[in-house]
Amino acid sequence: MTFVVGLASPSPLPPLYVLAGLLGILGLAALLIFVGSHALPPVLRATDAVSPSSVIMVAVSFGLLISFAFAVLGLPPLVGAFFAGSIVASTEYGPRVSRHITPVAAVFMGVFFASIGFLINPWTIPGVSSYPSPPRASPPPGNSSPAS
């Protein structure tokens, strides 16, 4: 995707910059594959030996760390979280982490959709402006005169 964006931008980047970005992303992916196959499983095993309930915390912390690293490098944090989730899922602890994370994901899914709904201004949707506005609340009885 970085390659296509570099080629399609209005002010084209020099090919060397596009190639450097592509090589950087491929290098980062290779590093993540190495970490996922050689470094993370022993860390999760050691954590499981000391405190089995902390494996979930270490896995989530790994995901946040990788997501933050992608953001620092100017890449989308969502892609980093995807890579981290794929790496954790490929370990022997993947099913256990997934089983414990699923209820949390369900809660955040509701929060996500509610926050997207709050961003929508219904009056900007075509056809909605033809509906009458909701009635305004009238002042309570006895308070109709302005205060002196």
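Derivation of every value follows stated rules applied to the coordinates shown; laboratory data play no part. Computed from a prediction, not measured in an experiment: that's the story for all the values here. For neighbour counting, all protein chains shown are included, and Cβ atoms are generated from backbone atoms with ideal geometry for every residue, glycine included.
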Using a Förster distance of 25 Å, the FRET efficiency for Ser61-Ala20 (Cβ separation, nearest 0.05): 0.25
Per-bin percent of Cα-Cα distances, segment 2-119 [5 Å]: 2, 10, 16, 18, 15, 13, 11, 8, 5, 2, 1
Hydrodynamic radius of segment 58-140 per Kirkwood, over alpha carbon pairs, in Å: 16.4
Computed FRET value (nearest 0.05) for Ala30 with Ser54, which takes r as the C-beta separation and R₀ as 35 Å: 0.75
